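Reviewing the structure listed below.
The values are calculated or read from the model by the stated rules, or taken from the named source; none is laboratory data. Here the structure is a predicted model, which is why all the values come from computation and not from measurement. FYI the Cβ positions are ideal-geometry reconstructions off the backbone, even for glycines, and counts take in every protein chain you see. The area values use the complete protein model at the heavy-atom level, side chains included, leaving out ligands, DNA and RNA. Shrake-Rupley method; radii C 1.70, N 1.55, O 1.52, S 1.80 Å.
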Amino acid sequence: MSPFKTRLLKVMPLMLMATLAWHFGMTMLYLTPLNPVKARLMPFLRSYIEPYFWQKWDLFAPNPTMDNRFALISRRISDGRGGTEDTPWYDVTTPVWELKYKYRFTPADRLERAFKAPSYLALGTPDLVLEKMKQHPDAFKDLLSTMGQYEMERKKRGMRLFARLASAHCDQFYGAGLTSEVRVQYLIVKPPPFSKRAEPDDAGEATVIEFPWQPYEQVAAL
Amino acid sequence: MTTNTVSRWQRLTDFSSREHFLIGASVFRVLAGLAILYQYLINYGQRNFLFGPSGIFPYEHFLEAVSERGFSLYSLSSSPFVFELIFHAGIVVAALWVAGWRTRWLTPLNYIFWVSLHTRFDLLWDGGDNVMQLVFVYAMFADVGAYFSFDAERSRRAREQDGFTRRVRAMFHNTAILAIAIQICLVYGIAGLTKVQGETWQNGTSLYYALRGGEFRLPGVSEFLYHNSFLLTALAYSTVAFQISFPFFLFLNRNTRRIALAMGIMFHLGIFTVMGLITFATFLMAVDLTLVTDDEYRALWRMAARATDAGRRGLRRLTARLRGVRSAEEVM
């Protein structure tokens, strides 16, 4: 082996360890709660970590999700006399859960996430940093304005996803293309608190969020 | 530099010039590869709804998101034919990776196909997929085809050489394994520290809320667990204790590393069976199993072989005894 290769082999462990130290140093800083160093380096951190090393480890943390979300859909069809007819609400979430209980290996797992995805977009998830910024609107005027636009766009996309989810279900139940408008209602049920764990599931606090009618969209079959 | 430092550095260079955790890396490939194949096949009937050009997530929104999220082969064309081609090619690549064919090329290729699928509708995935996406990058620098693979013989012959290339590959392999170890420590450590801040983890009721939720329930089992205050509290506190202690246990010494990995496997088996998070648990178990040493795998194999032999001998003795009893009855 040449002297250069011999020297390179001696130095390589140091180079590789330095690479690891750099990479995981950046990763750890990215994962820390917001602090002065992270705030200062955030644009650089994001350019390094995202998208290929993006990560978030709040797995059931700080608290597990404490509500059950049921998607109910309704459709509007022509009644043949120039008017329209609205069908009753239909629960599309419970059948998916029942499938998961019956068969552990089932596509219901990802389908259930697909059914919940519109609610994450339309309703959003708590953002502690954003809440803190809203308490000081003058200090973060521009950033809040940008975030506001982002939130509106996100909600619009959530609504569109709702419409496509409902359209796909209507096609499955009633036949393809027979629906003119669709509507989604979200029933959010909190389980009874631990002190009342003997009570049934529906004894917890329930919230209903009804979304407006939206045009039917043709989506690939469920 | 002192002579001591020079000789220590030489020992480190020699140590890192030999591949370690080869069996673990191959176990990772097989287990994680099977989980990836499972993701493709279990959703095969719903592939168009979930990932197709007319799928639930609008194609035009997906194209906008691709520029932020990296890349996706599914952005090449909105043609249904191209979608089917890419989807099925992904299945073939995943299967070949599990089989261990040309893993040096198939590891990055499998990554490209799998991440492409994930980017198509990124709201579908969970923390296990996040771990896998990161570990996949590190695995590209490791020899994941040394065992249980079509590559095994080629890999063995390559390791028998003692040239510059082999040593460099060994160093990259070992660094990749170390990266995987550090990454999984971050996962557990950060998750544990975040949990500690949560009221339900502090008061031990967290698993009640997790298991009461419809999506993670196993009827009969979940109810038994969340009606048992002792078990509930013990599981909640041991989850946090396991996650926070994992990074320290992993690197402290051989015995604590074994304890950490054994707890990790049991933890994820519980998640697999009770909560039904199939691929989440499988990906995390695959990563944990990467960190078992080659000697430990061989020792486990010998134990299993001895137990199987003992079991076979016991069964033969029992059969012989039963035959002997029947013969005595016939004589009488």
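When +1 charges are put on Lys and Arg Cβ atoms and -1 charges on Asp and Glu Cβ atoms, the dipole computed for chain A relative to its Cα centre reaches about 1240 debye.
Peptide A:192-200 has a mean of 3 when you count, residue by residue, the C-beta atoms of other protein chains within 10 Å of its C-beta.
Shape analysis of the range A:156-222 yields a ratio of the Cα radius of gyration to the Kirkwood radius, Rg/Rh, of 1.17. Annotation: amide H-H contacts under 5 Å for B:Trp101 (H modelled 1.01 Å from N, sequence separation of 5 or more, or interchain): B:Phe150. Count Lys and Arg as plus one, Asp and Glu as minus one, and take only other residues whose Cβ is under 15 Å from that of B:Glu215; the net charge is then +3.
Over all residues in B:193-205, what is the mean tally of Cβ atoms on other chains that come within 10 Å of each residue's Cβ?
5
Expressed in Å, the radius of gyration and Dmax of the Cα atoms of the range B:50-112 are 13.2, 37.
Over the alpha-carbon set of the range A:69-138, divide Rg by the Kirkwood Rh and report the Rg/Rh ratio to two decimals.
My calculation of the ratio gives 1.22.
With a cut-off of at most 15 other beta carbons within 10 Å, and DSSP calling the residue loop, which GluC sites (Glu not before Pro) in the range B:1-90 qualify? Please list them. Hits after loop and neighbour filter: nothing returned.
Restricting attention to the range A:1-78, which trypsin sites (Lys or Arg not before Pro) occupy a DSSP loop and are surrounded by at most 12 other Cβ atoms within 10 Å? Counting only loop positions with at most 12 other Cβ atoms within 10 Å, the trypsin sites (Lys or Arg not before Pro) in the range A:1-78 are A:Lys56.
How large is log10 of I(q)/I(0) for the range A:1-85 at q = 0.21 Å⁻¹ when the intensity is taken from the Debye formula with one equal scatterer per alpha-carbon? For the requested q values the scattering log ratios are -1.04.
The distance separating the Cα centre of the range A:1-67 from that of the range A:147-211 comes to 37 Å. Note that the range A:101-222, at 25 °C in a medium of 0.890 mPa s, gets a Stokes-Einstein diffusion coefficient of 141 µm²/s from its Kirkwood radius over C-alpha pairs. The angle between the Cα long axis of helix A:141-174 and the main principal axis of chain A comes to about 50°, on a 0 to 90 degree scale. Simple point charges give the picture: +1 on the Cβ of Lys and Arg, -1 on the Cβ of Asp and Glu, and for the range A:109-218 a dipole about the Cα centre of about 200 debye. Across all C-alpha atoms in the range B:57-170, the radius of gyration and Dmax reach 16.8, 54 Å. In this Cβ point-charge picture (+1 for Lys and Arg, -1 for Asp and Glu), the range B:203-332 has a dipole of about 660 debye about its Cα centre.
Just to verify a number: FRET efficiency for B:Trp301 and B:Glu160, C-beta to C-beta distance, R0 = 30 Å, to 0.05?
Result of the calculation: an efficiency of 0.85.
Here the label points at A:Asp142 and A:Glu205, each 7 Å from Cα along the C-beta direction, are separated by 3.9 nm in the simple model.
Ranking B:Val240, A:Val208 by solvent-accessible area of protein heavy atoms (1.4 Å probe, all protein chains present), from largest to smallest, gives A:Val208, B:Val240.
For the residue pairs A:Lys10/A:Lys38; A:Lys132/B:Lys195; A:Lys38/A:Lys155; A:Lys5/A:Lys56; A:Lys102/A:Lys156; A:Lys100/A:Lys134, the alpha carbons lie more than 32 Å apart in A:Lys10/A:Lys38; A:Lys5/A:Lys56; A:Lys102/A:Lys156; A:Lys100/A:Lys134. Between 0 and 90 degrees, the angle of helix A:3-31 with respect to the longest Cα principal axis of chain A falls at about 40 degrees. Can you compute the FRET efficiency between A:Val37 and A:Asp67 using 1/(1 + (r/R0)^6), with r the Cβ-Cβ distance and R0 = 35 Å? Round to the nearest 0.05. The calculated FRET efficiency here is 0.50. Apply the a/c threshold of 1.5 to the C-alpha gyration tensor of the range B:197-332 and tell me whether it is rounded, prolate or oblate. Since a/c reaches 1.5 but b/c is at least a/b, the shape of the range B:197-332 is classed as oblate. Put +1 on the Cβ of every Lys and Arg and -1 on every Asp and Glu Cβ in chain B; which of B:Pro219, B:Thr290, B:Gly311 then has its Cα farthest towards the positive end of the dipole? Highest projection toward the positive end goes to B:Gly311.
By the Kirkwood approach, averaging reciprocal distances over each pair of separate Cα atoms, the protein assembly as shown gets a hydrodynamic radius of 26.6 Å. Note on the range B:173-242: the C-alpha convex hull projects to 5.8 nm² when averaged across all orientations.
Taking only the Cα atoms of chain A, the ratio Rg/Rh comes out at 1.13, with Rh defined as the Kirkwood radius. One compactness figure for chain B is 1.21, namely its Cα radius of gyration divided by 2.2 N^0.38 Å.
With contacts taken as Cα pairs under 8 Å and at least 6 residues apart, chain B reaches a relative contact order of 23 percent. Chains B and A: buried accessible surface, both sides, probe 1.4 Å, rounded to 100 Å²? Between B and A, the summed buried area is about 7000 Å². Here is the size of the range B:5-104 from its Cα atoms: Rg then Dmax, 20.1, 63 Å. So what's the back-of-envelope 222 nm ellipticity for the protein assembly as shown, counting only DSSP H runs of four-plus at -39500 (n - 2.57) apiece and dividing by all residues, rounded to 500? Only helices count here, giving -22000 deg cm²/dmol. For the range A:121-170, the equivalent ellipsoid derived from the Cα gyration tensor has semi-axes of 30, 10, 5 Å, listed largest first.
The label-point distance for A:Arg104 and B:His61, in a model that sets each label 7 Å from Cα toward Cβ, rounds to 3.4 nm.
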